[in-house]
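Structure record follows, encoded as structure tokens.
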Amino acid sequence: MVSPMTRSTNRRAALNVLMVNTHQSGGGAGQFGGLLAGVLRAAGDHVSAFVRTPRRDEHDAQPAGSWRETRLALWLQRHGLSDLGHFSSLLWRLRSQYAAADVLHLHNLHGGYVSIAALPLWGFDKPVVWTLHDFWPLTGGCAAPQQCTRWRQACGRCSQAGVYPVGHVDRTRLYRQLKPRLIAAAHARLVTPSRWLLERVGELPALRRLPQRVIRPPIDCETFAPRDDTAAVRRQFGLAPDCFTVIVSGNNWSDRSKGAEDAVAALRAAGAAVRRLQVLVVGRDGDRVLTPSGVPGQVLPFIAQRERLAAAYACADVCLFPSRAENYPLTVLESLACGTPVVAYAVGGVPEQIEHLLTGYVAWNGQSVELARGLVLLAREGRRARAMGLRGREFVRRTSAPGDVAEQYRDEYRRAIASWCRRRGRASPRYTPGRWARGIAQRLGWETCAAPQTSRPAPRIGQQADAIPHHAAQPCAAAATER
């Protein structure tokens, strides 16, 4: 297993990666992108990002859009066209970070900060790798269709209209028709965290021919690790040090798909069967779970600090994950990395994370009584539960070590670059924007975006390959390895 801190930065030529994500910090896709970017930088690569609105801790991120288009974007949003607004996405080729990038790595594009109409242009200008964190690229707008199967043919009259990321004006039929065509026109290489989502991608004919691959998300197993001072940590969170502790973690418990009602029912039943049971609820509106469950415990708001969240997982005896719509949730991986077994429904890629009765308990029938049965089993068999947690941690270290994940993505980047170079007949995706391009970029508010430093200047569009930096042209020599 390769450590990101000990990997040689000279083994391979450095790459310049531009990520596009809603955020590069926080939970879900933001945490994924931020951790991957950090490991790539530690290996000697340069990583920058275009995001919706940069946060204070996102030092290498720039806004994807321009303040000059705000009024138009708001008008389009009111008419249900937020994902086609922000026409500045069509002008990214004027930006220095975009021009200097070897590859464009897309993450979450929903949130009304880019125009998906720019996808074919991005694919023309740059090699594109897209990590699918949810269902949104496959549907007319929803991130989790749950029991709905209309996305396979044509969306419309969506039952989730008004529920993020679907707008209040239902344009799901339009988006469902556009997205597969735009993604295919971008020649994107699609990466999914789970085999389950990869199989769903294969159900859309327009995407079936695109290169596809499963790469597990990275987990920082040094931060998320078991602890010996669980009693002291429980006291810090206001919990009793010697009670069987269940952690229930989620982003927003007002979201019905996260299973607040199922968590309440499971905790009630488990509390009636297990003496001295307590619960730690993490996430916004956690009182929706704690109060009606009748189980003593504490509520913590959503925890952005990774160290504090890891301490919460590590101090628990079991993690209850009642969500009914997931892809390959980081919550499960982080809990397992802390040595805490997980009780969850068999939804999405969760069965790929939890080996039933070996690293946790999978409720196959989708009923809360089965979740309660898993909690009671682990409460009564403490030694077995601890063994499950240790096996779960080994699984995470084996499949989600950040250094190994970053190496898999570097391989995918190089494959994308080789394919792009062969398709475009060029030696490198890099170029240098002209004076007029820099002037327009300044007027759009992008004047603070400085081009990353390279050993030699990148060529202008149309310039011959002999002026291209050697490390940028090198991936094209590997075109023979393209699958």
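Annotations for the structure displayed:
- Boolean, E412 is assigned by TED's automatic domain parsing to the domain that holds W130, surrounded by fewer than 23 Cβ atoms within 10 Å (Cβ to Cβ) and out of contact with any helix residue (DSSP H, G or I) (no Cβ under 8 Å at 6 or more places or on another chain): yes
- If you go through region 356-369 and keep only what is modelled with pLDDT of 95 or more and either surrounded by fewer than 18 Cβ atoms within 10 Å (Cβ to Cβ) or farther than 22 Å from P322 by Cβ (or both), you end up with H356, L357, L358, V369.
- Any chance V166 is in contact (Cβ under 8 Å) with a residue 12 or more places away in the chain and within 15 Å of G112 (Cβ to Cβ): yes
- Selected residue (criterion: modelled with the lowest pLDDT) from residues of region 253-272 that are among the small types (G, A, S) and within 26 Å of the chain's Cα centre (by Cα): S257
- Selected residue (criterion: farthest from the chain's Cα centre (by Cα)) from residues of region 104-120 that are at pLDDT 95 or above and closer than 17 Å to V163 by Cα: L109
- If you filter region 60-93 down to residues that are aliphatic (A, V, I, L, M) and under 27 Å from D45 (Cα atoms), you find that the one that is surrounded by the fewest Cβ atoms within 10 Å (Cβ to Cβ) is L90.
- Inside region 191-239, residues that are within 19 Å of the chain's Cα centre (by Cα), in a helix (DSSP H, G or I) and either farther than 23 Å from Q147 by Cα or free of Cβ contacts under 8 Å to residues at least 24 places away in the same chain (or both) make up a count of 2.
- Residue within region 158-180 that is assigned by TED's automatic domain parsing to the domain that holds G38, touching a strand residue (DSSP E or B) at 6+ places or on another chain (Cβ under 6 Å) and at pLDDT 95 or above present: no
- Criterion applied to V246, V233, V289, V264 was being surrounded by 14 or more Cβ atoms within 10 Å (Cβ to Cβ), of a type in the set (A, V, I, L, M, F, W, C) and either in contact with a Leu (Cβ under 7 Å, 6 or more places away or on another chain) or within 20 Å of H133 (Cβ to Cβ) (or both), and the one residue passing it is V246.
The values are calculated or read from the model by the stated rules, or taken from the named source; none is laboratory data. Treat the numbers as computed from the prediction; the structure is a model and nothing was measured. All Cβ positions, even for glycine, are placed from backbone atoms using ideal geometry, and neighbour counts span all protein chains on display.
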